[in-house]
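Enquirer: My questions will all concern the structure given below.
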Ligand code: AMP
Ligand code: GLY
């Protein structure tokens with residue numbers, strides 16, 4: 001048996017980071033700034049992360065493979081980027097062999113992986129969210145829809161559907177069709193066999209993040225993301241086309257209210273119900289006339305929100321993750337600085353529909369502070385060239401003293417980076433600075 005480090009011991013840590021997107025690239029950059037880091041392994045990583053650590057080709061859904069890797073390489077801490085392995089019990093499997101992990105257990109990951117579980121938890125504990133009902137039968141769903149007032153109705157697949165299992169139906173009729181298609185048509189596979197029918201909420205949306213170790217909830221940070229493919233929030237939903245922080249409407253009073261009414265009660269409720277949450281709690285909120293209400297929770301950082309908020313983190317990410325994994329977050333003061341950041345995602349032409357990959361990317365060598373590029377889907381070609389290898393290809397991020405400055409820097413950088421067919425939104429953070437698309 002070798003000795004494992006813990007949050008109190010200052011010996012350098014061998015860390016295994018799970019994931020392969022821009023979010024994990026940004027996390028890897030933050031981890032590499034830590035004097036506590038001894039070695040970084042990344043499974044599976046991507047071309048952009050290769051200079052930061054050792055990419056090991058184990059896919060994120062190979063739980064036994066990740067557990068073997070962590071054991072064989074004597075890893076001190078595993079940090080998990082995406083939700084799928086958490087929902088599949090990766091944290092449980094690692095804890096079972098004594099390896100500290102930053103990320104929730106399968107039971108706590110239900111806050112994201114089961115919308116109906118999350119909604120019932122909120123209902124039991126008075127956490128503000130849209131009114132809802134869950135169904136497994138088309139007939140019962142239809143009778144319920146008939147009782148609703150005429151107007152928009154929200155229909156959601158219960159399980160993980162990669163952010164795409166939500167339909168805002170304009171009428172009861174459209175809602176009934178959506179339910180039938182979800183339950184009968186297998187539109188979202190097993191994720192759609194239970195549907196959640198929700199009250200429609202209106203207001204600005206914001207993503208709020210805090211580190212949690214079961215009981216302690218760190219200082220929070222907020223960002224706005226853009227899910228639709230095209231300018232003006234048109235086109236299909238995507239994994240996320242951009243983000244900025246801080247939101248123009250964010251105030252200390254709003255932050256205090258969200259902490260008191262949503263973040264702290266949720267962590268306490270999960271702890272009290274035996275599903276204690278460790279990791280990053282991500283609250284997707286709607287700021288309605290009656291106050292902030294939960295749209296959904298996620299059990300990990302947002303992508304691309306992580307790429308902007310991590311640039312504002314004033315505390316060592318590795319120290320935070322290690323403390324949280326060991327239940328010692330109360331010993332740390334997590335700080336976020338007052339800077340701003342904007343991220344623009346460059347995607348392959350056609351994304352989120354079919355697209356081509358293998359396109360040569362140029363202009364990356366010209367990038368310098370305050371701009372950073374995180375790779376979302378790239379590969380290394382001949383002669384160390386960088387090629388596109390996914391739908392979302394690059395996340396271009398700029399910091400600035402305010403959103404106006406960061407936005408101007410990020411678009412200057414985007415214009416200088418090219419690959420065939422590249423698509424990006426030109427209106428990221430435009431509303432925050434009172435301007436139109438480029
Ligand atoms: P979700 O996957 O739950 O985050 O939902 C995706 C998007 O659908 C959200 O970002 C909202 O814009 C919208 N949405 C989800 N639930 C509601 C709701 N109850 N009322 C209005 N819009 C919603
Ligand atoms: N940016 C939205 C998400 O990560 O779910």
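Just so it is clear, none of the values below were taken in a lab; they were calculated from the coordinates. Predicted model only: the values in this text are computed from it and were never measured. Ideal geometry is used to build each Cβ from the backbone, glycine not excepted, and the neighbour counts take in all protein chains shown.
Enquirer: For Cα pairs less than 8 Å apart in space and 6+ apart in sequence, what is the mean separation divided by the residue count of segment 191-310, i.e. the relative contact order in percent?
Expert: Answer for segment 191-310 is 32 percent.
Enquirer: Right, another one. Given points 7 Å out from each Cα along the Cα-Cβ axis, report the residue 150 to residue 264 separation in nanometres with one decimal.
Expert: 4.5
Enquirer: Also, quick follow-up: Given the DSSP H assignment, sum -39500 (n - 2.57) over each helix run of at least 4 residues in the chain and divide by its residue total; what's the result at 222 nm in deg cm²/dmol, nearest 500?
Expert: Computed ellipticity for the chain at 222 nm equals -7500 deg cm²/dmol.
Enquirer: Volume per residue, Å³, of the convex hull around the alpha-carbon atoms of segment 78-143? Spell out each step's value before the answer.
Expert: Details: hull volume 7.9 nm³, N = 66.
Output value, Cα hull per residue: 120 Å³.
Enquirer: Something else: Take residue 233 and residue 202, extend 7 Å from each Cα along the Cα→Cβ direction, and tell me the distance between the two endpoints in nm.
Expert: Taking the two extended label points, one gets 1.2 nm.
Enquirer: For segment 205-306, count all C-alpha to C-alpha pairs, find those more than 22 Å apart, and express that count as a whole percent of the total.
Expert: Cα-Cα pairs of segment 205-306 separated by over 22 Å account for 30 percent.
Enquirer: Roughly how many nanometres apart are two label points built 7 Å out from the Cα toward the Cβ at residue 412 and residue 435?
Expert: 1.2
Enquirer: Sticking with this structure for a sec: Specify the residue with the greatest mean-square fluctuation among 173, 110, 425, computed from a Gaussian network of the chain linking alpha-carbon atoms under 10 Å apart.
Expert: Taking springs between Cα atoms under 10 Å, the residue moving most is 173.
Enquirer: Note down the Stokes-Einstein diffusion coefficient of segment 209-262 in µm²/s, whole number, using a Kirkwood radius over alpha carbon pairs, 4 °C, and 1.567 mPa s.
Expert: 99
Enquirer: Just want to confirm a number: the relative contact order over segment 47-193, from Cα pairs under 8 angstrom separated by 6+ residues, in percent.
Expert: 15
Enquirer: Sorted by packing (mean other beta-carbon atoms within 10 Å per residue), highest first, where do 175-181, 62-68 land?
Expert: 175-181, 62-68
Enquirer: Also, I was wondering about something else. Quote the relative contact order of the chain in percent (integer), defining contacts as alpha-carbon pairs under 8 Å separated by 6+ residues.
Expert: Relative contact order of the chain: 17 percent.
Enquirer: Something else now. Just to be sure I understand: with springs between alpha-carbon atoms less than 10 Å apart, which residue in 232, 48, 81 has the highest mean-square fluctuation in the Gaussian network model of the chain?
Expert: Ranking 232, 48, 81 by mean-square fluctuation puts 232 first.
Enquirer: Additional query: If you take the beta carbon distance between residue 33 and residue 384 as r and set R0 to 25 Å, what does 1/(1 + (r/R0)^6) give as a FRET efficiency, to the nearest 0.05? Walk me through the numbers on the way to the answer.
Expert: Details: r = 24 Å, r/R0 = 0.97.
Efficiency, rounded to the nearest 0.05: 0.55.
Enquirer: Moving on to the next point. With 10 angstrom as the radius, rank 201, 142 by how many other C-beta atoms surround their C-beta, starting from the fewest.
Expert: In increasing order of surrounding Cβ atoms, one gets 142, 201.
Enquirer: Please report the orientation-averaged projected area of the chain, defined via the convex hull of its C-alpha atoms, in nm².
Expert: 20.5
Enquirer: Rounded to whole Å and ordered largest first, report the semi-axes of the equivalent ellipsoid of segment 164-259 derived from its Cα gyration tensor (root of 5λ). Write out the running numbers ahead of the final one.
Expert: Details: eigenvalues 189, 65, 39 Å².
Each semi-axis is √(5λ); the values are 31, 18, 14 Å.
Enquirer: Starting with the highest mean, order 34-41, 382-389 by the number of other Cβ atoms within 10 Å, averaged over the residues of each peptide.
Expert: On the way: 34-41: 17.1, 382-389: 15.0.
Highest-to-lowest ranking by the protection proxy: 34-41, 382-389.
Enquirer: Now for a different question. Hey, what's the Cα Rg ratio for segment 377-438 versus the globular rule of thumb, 2.2 N^0.38 Å?
Expert: Output field value: 1.30.
Enquirer: What is the fewest-to-most order of 359, 14 by other Cβ atoms lying within 10 Å of their Cβ?
Expert: 14, 359
Enquirer: Go through 25-31, 334-340 and give me the packing order, highest mean Cβ count within 10 Å leading.
Expert: Peptide ranking by packing, descending: 25-31, 334-340.
Enquirer: What base-10 log of the normalised intensity I(q)/I(0) is obtained for segment 342-412 from the Debye formula, alpha carbons as equal point scatterers, at q = 0.12, 0.17, 0.18, 0.24 Å⁻¹?
Expert: For segment 342-412, the Cα-only Debye profile gives -0.34, -0.64, -0.71, -1.02.
Enquirer: Among 310, 263, 360, which one shows the biggest mean-square fluctuation in a GNM of the chain, springs joining Cα atoms closer than 10 Å?
Expert: Evaluated over the chain, the most mobile residue of the options is 360.
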